[in-house]
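The values are calculated or read from the model by the stated rules, or taken from the named source; none is laboratory data. Keep in mind the model is a prediction, meaning the values are calculated, not measured. Methodologically, a virtual Cβ is constructed for each residue, glycine included, from the backbone with ideal geometry; neighbour enumeration extends over all protein chains shown. Remember, those area values only see protein heavy atoms, side chains included, never the ligands or the DNA or RNA. Shrake-Rupley method; radii C 1.70, N 1.55, O 1.52, S 1.80 Å.
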Amino acid sequence: MIFTVSTVRDTLANVQRFVAGNLAGGADHLVVFLDAADPPVRAFLEAHPHVTCVRTDRSWWLGGRPAKLNGRQRINANVVRLVLSTLPEAEWLFHIDGDEIVQLDREVLAAVPADVEAVRLSPLEAVSRQHWEGEPTWFKRKLGKNELLMLCTLGVIARPHNRAYFHGHINGKSGMRPRLDRWLALHDIVDAHQNLLDSYRHDALRLLHYESFSGEEFVRKWTAMLQAGPDAGLRAARQPTARALRALVSKGLAEEQAAPYLMRIFERTTEDDFETLRGLGLLVHLDPRLGTHRPAPLPDGGREHIDALLARLSQEPKVLFHPSDKGEDRRALERATQGLPVRRDGGQGSA
């Protein structure tokens, strides 16, 4: 089975796209940590048969909620890594954001050599337009040097680099075979000393990134990001946008007063030249809703096993789940599994 883990703070419509797209794109089960209380979103996730929803309230963080979103994401992802290391049916775990959808060729993934521990999904970024009629279906791929030079010369991008072309990350996201001696980071898989693991790559293993795909989504997403904690984890190219938005928000303007200024920031920093990019044949047309994958159900007793372990690990200090060579996370898992049926088949890195 293929699992994903995410820490999410989003609208119901975006979460519904996220769930439907990832299941159609190759995932079997999604573990979603809610980073903010939203009853409609929670109700939708808790009712879905292919989703495990975890509410990260005070009882989850035990008074130690990290200020930075990146820290919360890493902790939540590695809790799930531990849980799935005890489930033999869990073949791969991908750490993705709530605005990302996996596109997995399952035959390609199944053919990855058994000694390969990590795979990387290459990113496709949704074209950013003021408004979409329906769902976004046009995506930017990473470009070669000559294509980037062409766009820079045409004045479409400021410099000939994919970091100037993409508004979000260009590194993609990674997946791992769940085990105890490897860790999930935001984009990579690392060992206990935070050394990067080599990742298997294939053109059929991709990730759709819905990064500020419309003016409305730009305003919603950046406002949520500013509320989620310090922005020190943002790459350098995004820091000026974050500071400008924070300064604007600090003015205390009414929503209708701030709207035109927010949209101007979007137009100057994020909106893509859709017609030029499409006219030059640089875009990929793709509708994730048309994916044909049918997710496999959890094995018998699997949901109860996952729920029980998550409940027990919720009582552990979350600092244990940062990358470390001290083995504190393993001891937490040993405490959590006491009295539970052992499901792991004794493979490498087992509990």
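Observations
- In the stretch 123-179, the residue that is surrounded by the fewest Cβ atoms within 10 Å (Cβ to Cβ) out of those that are within 30 Å of Ala90 (Cβ to Cβ) and of a type in the set (Gly, Ala, Ser) is Gly168.
- Some residue of the stretch 289-302 being modelled with pLDDT under 85, out of contact with any Phe, Trp or Tyr (no Cβ under 6 Å at 6 or more places or on another chain), open to solvent by 80 Å² or more (accessible area, probe 1.4 Å) and not charged (D, E, K, R): no
- Within the stretch 305-340, being closer than 19 Å to Asp57 by Cβ, touching a residue at least 40 places away in the same chain (Cβ under 8 Å) and open to solvent by 30 Å² or more (accessible area, probe 1.4 Å) holds for Asp307, Gln315, Pro317, Val319.
- Listed by first and then second residue, the pairs linking a residue in the stretch 92-106 that is basic (Lys, Arg) to a residue that is open to solvent by 20 Å² or more (accessible area, probe 1.4 Å), with Cβ atoms under 9 Å apart and 6 or more places separating them unless they lie on different chains, are Arg106/His293.
- Here Leu196 meets the list (1) free of Cβ contacts under 8 Å to residues at least 60 places away in the same chain; (2) open to solvent by less than 20 Å² (accessible area, probe 1.4 Å); (3) in contact with an Asp or Glu (Cβ under 7 Å, 6 or more places away or on another chain) almost entirely, failing just condition (2).
- Test: residue in the stretch 138-146 that is free of Cβ contacts under 8 Å to residues at least 40 places away in the same chain, among the charged types (D, E, K, R) and within 19 Å of Leu282 (Cα to Cα): yes
- So Leu151, is it in a helix (DSSP H, G or I) and not charged (D, E, K, R): yes
- All positions within the stretch 306-328 that are under 21 Å from Gly71 (Cα atoms), charged (D, E, K, R) and at pLDDT 90 or above: Arg312, Glu316, Lys318
- Residue-level check: of (1) open to solvent by 30 Å² or more (accessible area, probe 1.4 Å); (2) without any contact (Cβ under 8 Å) to a residue 60 or more places away in the chain, Arg206 misses just (2).
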